[in-house]
Structure formats: C-alpha cells, structure tokens
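Heads up: the structure comes next, in structure tokens.
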Amino acid sequence: KYEDANFPSDYVSELGNIVVSEDKIEMFATALVGSTGPPLERAPASNFMILDIRKNPIENNLIAVDQQIRLVADLENQMSHIQPFAYLVQIQNKQNQVESLSWLTGNLTSSQKINLGVTWIPFNEGKYFATVFVWESIDNPTALSPPLSIDFLVK
C-alpha cells in the first residue's frame, strides 16, 4: 500500500488499484516472492483413460456391468527434487453421488514419469463420471495438477 497527498485535487484514476479521496491517493499492489512455482505445475497428470484389465483401451467408454476396469493417467514430476503425491480417482453416478474413491500415494523423483491406475467394478447400469486428482498427500489437498475427468456408460 502506498499513500500520497501531493497529487492534484482533480486527479482521476481509471485503475482499480487506486483509491482517490479528498486528502490523499492510496495505491495497492501485490506480488509473489520466492522460488517455488505454482502448485499446478509441479506434477501434472495427462492421458486419463479407461482400460480393461488387460490394459487395452475401452472403445467408446462403454463398459459392461461387473466388468473390471482400470482408470489410468500419466504423472510427471516437473520439479528438480522429490515430490510426494497422492493420486485420487473419484467415480460419481449421474446423480453426482460418489460411487467410489480410490487413491495411491508415493514419491516422484526429479523429472520422473509414471503411469498410475486404480481398478473399479461397476455393479449397476448408468452414466458415470471419473475424476483424477493429484495432491501433495491425502492429508494435504494442495493440487499438483488440474483435475482430469472422463465420462463413461455402463450397460
């Protein structure tokens, strides 16, 4: 915050970070200081997909009732140090009720790339949505990647 009482009385600002009053002008600004990059750039997930138990892609995301599937994604450590992570997969039905929540935890070494997956068996027909989250840990939900989602149909 910066205050100045020496501006002309008829001064008008079009900037949102300046407040003009009768006796002074206040200016506000913020800045980030430090060497840590934004959390979402630390371990991005990509290529989220549904595979059968033999690791073959499921065509048209159409799954049979009682068919075991794998929900997999690639994960890459963008940092130059070890990065702890929690890989969470949430499955919701069309009413947005959580049907399953699974997770894996571990550490990624510097620049390590891995492919992670959890399994699930649908017991009912319907439309489902799966979302993968990558956090620092189960206890610390600081995101290391934007969430990725995929929808699929169970018949």
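Here are the numbers:
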{"read-out": "Local electrostatic count at Tyr87 - Lys and Arg +1, Asp and Glu -1, tallied over other residues with Cβ under 15 Å", "value": "-1"}
{"read-out": "Residue-level accessible surface for Ile138, protein heavy atoms, 1.4 Å, Å²", "value": "70"}
{"read-out": "Backbone HN-Hα couplings from phi across the stretch 111-121 [Karplus 6.51/-1.76/1.60, Hz, Gly and Pro as x]", "value": "6, 6, 10, 9, 10, 10, x, 10, 9, 7, 10"}
{"read-out": "For the stretch 68-77, Karplus couplings with θ = phi - 60° (6.51, -1.76, 1.60), whole Hz, Gly/Pro x", "value": "6, 10, 10, 9, 10, 8, 8, 9, 9, 7"}
{"read-out": "Along each principal axis, Cα extent of the stretch 48-87, largest first, Å", "value": "42, 17, 14"}
{"read-out": "Extended-chain gain in nm, criterion 0.36 nm per residue less alpha-carbon gap, Lys94 and Asn61", "value": "10.4 nm"}
{"read-out": "Sparse-neighbour loop sites [GluC sites (Glu not before Pro); the stretch 89-155; at most 12 other C-beta within 10 Å; DSSP]", "value": "Glu125"}
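The values are calculated or read from the model by the stated rules, or taken from the named source; none is laboratory data. Values in this document were obtained by computation on a predicted structure and should not be read as measured data. As a convention, Cβ positions derive from the backbone with ideal geometry for all residues, glycine included, and neighbour counts pool all protein chains shown. Remember, those area values only see protein heavy atoms, side chains included, never the ligands or the DNA or RNA. Shrake-Rupley method; radii C 1.70, N 1.55, O 1.52, S 1.80 Å.
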